[in-house]
Structures are given as structure tokens and as C-alpha cells.
Amino acid sequence: MANDRSSHYPDIGVLGEDFIAQWLQSNGWKILHRRWRCPWGEIDLIANTCDSLAFVEVKTRSAGSWDAGGLLAITPQKQAKLWKAANYFLATYPEFGDYGCSFDVALVYCEKTAPDLKYNLSLKEYIPAAF
């Protein structure tokens with residue numbers, strides 16, 4: 001019998017993205033897209049304020065993650081894919097061509113609480129212009 005994980009457990013990656021989207025909005029950013037997809041991959045969040053555009057990579061981890069809370073998962077290969085995806089976005093939406101762009105990284109800590117099995121999320125670190 002196959003274990004249908006999605007029917008029993010929320011996707012903590014999506015929870016983390018939603019958490020960061022709310023955090024950005026509370027700090028004056030407008031969320032343009034969530035999980036924007038193109039042939040080069042996916043950008044978790046695309047947000048803007050005034051004349052700035054942020055392509056945000058969100059990494060959500062629980063205690064004891066192997067990759068420094070998600071930071072080590074932003075490899076040079078991942079960065080190259082995000083650059084290509086961002087260029088594709090700017091080609092698709094030329095109205096943002098004059099905006100200053102940054103690649104930000106949000107590291108989110110996720111903790112499951114017992115016994116109700118809800119998740120507590122907290123912002124571990126937000127790195128503007130990470131790469």
C-alpha cells in the first residue's frame with residue numbers, strides 16, 4: 001500500500017513560502033507571484049516595493065537539517081537556474097525591466113508542536129541580495 005504523504009502532512013515548503021509572503025507584505029512588499037514557473041524552474045516568491053523587485057528563494061527546515069537551515073541548498077547550480085528564471089520573468093513582464101532586482105533568501109525554521117501536530121514557523125534569517 002502506498003503512503004500518500006500529502007493526505008496526512010502539510011507541505012512545510014509551501015507553509016514556509018506562505019509565511020514569508022505574509023512577512024514581506026507586513027514589511028510593505030507586494031507579492032506579485034507565488035511559485036512562478038517557467039522552463040528554467042520555479043521562483044518561490046516575486047515581490048516588489050517602489051521600484052525594487054525581489055526574487056525570493058525560501059528554504060524551510062526543521063531542527064537538525066543537514067544543510068545549515070537550507071542555506072547550503074542554494075548551490076551555484078541553483079543560483080544559475082534562478083538567474084535564468086528571473087531573466088525569463090523580466091522578458092515576460094518588460095514593465096519591470098527598469099526595476100532594481102535582487103535575489104533574496106529566506107530561511108524559515110519549522111517546528112511541529114505536540115500533541116496537536118500543528119507547525120510553528122519562525123524566520124531564522126532573511127538575506128537580501130544573497131547572490
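Every read-out reported here was derived from the displayed coordinates using simple, explicitly stated rules and does not represent laboratory data. Since we're looking at a predicted model, the values are computed, not measured. Note that each Cβ is placed from the backbone with ideal geometry, even for glycine, and that neighbours are counted across all protein chains shown.
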Practice item. Quickly work out the Ala91-to-Leu71 label distance, labels modelled 7 Å from Cα along the C-beta direction, and quote it in nm with one decimal. Key: 3.4
Study note, to complete from the structure: Cα-based Debye curve of segment 67-115 sampled at q = 0.18, 0.28 Å⁻¹ gives log₁₀ I(q)/I(0) of -0.72, -1.08
Exercise for review: Relative to the longest principal axis of the C-alpha atoms of the chain, give the angle of the C-alpha long axis of helix 12-26, reported between 0 and 90° and rounded to the nearest 10°.
Suggested key: 50
Revision key, fill the gap. Stokes-Einstein D for segment 5-127 (4 °C, 1.567 mPa s, Kirkwood Rh from Cα pairs), in µm²/s, comes to 85
Exercise for review: Let me have the 222 nm mean residue ellipticity of the chain computed from DSSP H runs of 4+ only, each contributing -39500 (n - 2.57), with the sum over all residues rounded to the nearest 500.
Suggested key: -8000 deg cm²/dmol
Check your understanding: PRE reach from Cys38 (point 7 Å along Cα→Cβ): which of segment 85-107 fall under 20 Å by backbone N?
Key -> 85-106
Exercise for review: Working from Cα positions, state the angle (0 to 90°, nearest 10) between the long axis of helix 76-92 and the longest principal axis of the chain.
Suggested key: 50
Review point. When Leu45, Leu90 are ordered from fewest to most other Cβ atoms inside 10 Å of their Cβ, what list results?
Key: Leu90, Leu45
Point to revise | Most mobile listed residue (Phe96, Phe19, Phe55) in the chain, GNM with C-alpha springs under 10 Å | key: Phe96
